[in-house]
C-alpha cells in the first residue's frame, strides 16, 4: 500500500518519520530552535531559544512522542492520499503547508495572550494543524463519504466528523479540560484551510458576492 501512495503524501510521511528519529537521536534541546516558540519567549529564563521565522513550518514536522506521530500520520494517510489524487501534487502540498502556517499563526496569538497573562513560554510541535486542515478539506470535498471515528469506533459521514471534531476543539480550547494540546492551532489549520478552499473557488470573502451583473454590449 505504501508504494502506491501519491508522492507528496508519501514524502510527508517519510519526512515526519525521519525528523522524529532525529529528535530521538539528538534530543529535544538540540532541535529547540525548530519548535514553535511564542513571541517574546526569548525573554523567559526557561526558554532555550526564541521565536524564529522558519519555525512557522519546521514545528509541523516534529512530534512530542510516538503516539502523537502515529495518530497524525494515520490521519495524513487517510485524508491526504485521496485529496492529493483529487487536487494534484502542487495544490495538495500548498494546501497542507498553508494549514501548517495558519495553525502556527493562531498558536502564536494564543501564546502571546498566555504570556501576557503571566503564563509560561512553552513550544508547540506536531503536524496536527495540517492534519485538521486535511480533515476539513475531506469533509468539504467528500461530505457523504463514510469514515470511522477511532475513539470510539463509530462510523459517520465525513461532514459529520468535521463538525464533531471542530466543536470538540472549541470546547476543549475554551475550557482547558485537555491541557498541553494546542487546540486553537488545530482550529487555525481548519480556518486557513477553509479560507484557501474558498479562495480557490472564488467564493466570499474572495470572490464576487451574488450573481454576476448583466453586461451591455454596444
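The values are calculated or read from the model by the stated rules, or taken from the named source; none is laboratory data. Because the structure is predicted, anything quoted here is derived from the model rather than measured. Cβ sites come from the backbone with ideal geometry, for glycine too, and all protein chains shown count toward neighbours.
The listed residues are 167, 136, and the only one of them that is buried (at least 18 other Cβ atoms within 10 Å of the Cβ) and at pLDDT 90 or above turns out to be 136.
When restricted to residues that are loosely packed, with under 13 Cβ neighbours inside 10 Å and touching a helix residue (DSSP H, G or I) at 6+ places or on another chain (Cβ under 9 Å), the stretch 149-162 contains 1. The requirement of being on the phi > 0 side of the Ramachandran plot and out of contact with any helix residue (DSSP H, G or I) (no Cβ under 6 Å at 6 or more places or on another chain) is fulfilled somewhere in the stretch 178-192, by at least one residue.
In this entry, residue 22 passes the filter for residues that are assigned to a helix (DSSP H, G or I), modelled with pLDDT of 90 or more and either surrounded by fewer than 17 Cβ atoms within 10 Å (Cβ to Cβ) or within 17 Å of the chain's Cα centre (by Cα) (or both). Residue 30 - would you say it is in contact (Cβ under 8 Å) with a residue 24 or more places away in the chain, on the phi < 0 side of the Ramachandran plot and over 14 Å from the mean Cα position of the chain (by Cα)? Against the criterion (in contact (Cβ under 8 Å) with a residue 24 or more places away in the chain, on the phi < 0 side of the Ramachandran plot and over 14 Å from the mean Cα position of the chain (by Cα)), residue 30 does not qualify. When only residues in the stretch 54-84 that are farther than 26 Å from residue 6 by Cβ and modelled with pLDDT under 95 count, which is surrounded by the most Cβ atoms within 10 Å (Cβ to Cβ)? The residue in question is 64.
Residues of the stretch 168-211 that are assigned to a helix (DSSP H, G or I), under 24 Å from residue 64 (Cβ atoms) and without any contact (Cβ under 8 Å) to a residue 12 or more places away in the chain: 168, 171, 172, 174, 175. For the stretch 41-66, filtering for residues that are in a helix (DSSP H, G or I) and over 18 Å from residue 185 (Cβ atoms) leaves 3. Screening residue 126 on (1) part of a loop (DSSP other than H, G, I, E, B); (2) surrounded by fewer than 23 Cβ atoms within 10 Å (Cβ to Cβ) shows it passes everything except condition (2).
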